[in-house]
Amino acid sequence: MSGRVTELFRRGLPVAIVLVVSACGSGPPVQEMSDARQAIAVAREAGAEERATQQIRDAQALLDRAQQKLSDRAYDDARQDALQAKLKALDALARTENPPVNE
């Protein structure tokens, strides 16, 4: 019986290690932070400060919040905020290039 327990343990150990490592979460969202910064910079260069003021402010606020969460090592939350910041910046860029007709 102990041979069987040893075999089960040996087979289950790699699975347990994978589960523990994946439960620790992922690392810092370096790429997502960089993407958000670049999207904000491009939107600003295109004139978003004047033509999509609220969207670019929202994008910057989300990036700032992501940076704080990154400092707190809340990587998953930081990643989500960085992704949202990028989307807001892209929205600002789109509004700058194609302003809504009713505004």
Report summary line: Residue hits (the range 59-98; touching a Gly at 6+ places or on another chain (Cβ under 7 Å) and open to solvent by less than 50 Å² (accessible area, probe 1.4 Å)) are Thr96
**Report entry** Residues being open to solvent by less than 10 Å² (accessible area, probe 1.4 Å), of a type in the set (A, V, I, L, M) and either part of a helix (DSSP H, G or I) or over 21 Å from Pro100 (Cβ atoms) (or both) - total across the range 24-58
**Finding:** 6
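The values are calculated or read from the model by the stated rules, or taken from the named source; none is laboratory data. Every value quoted in this text rests on a predicted model; they were computed, and no experiment measured them. We place every Cβ from the backbone using ideal geometry, glycine too, and count neighbours over all the protein chains shown. The accessibility values were calculated without ligands, DNA or RNA, using every heavy atom of the protein model including side chains. Shrake-Rupley method; radii C 1.70, N 1.55, O 1.52, S 1.80 Å.
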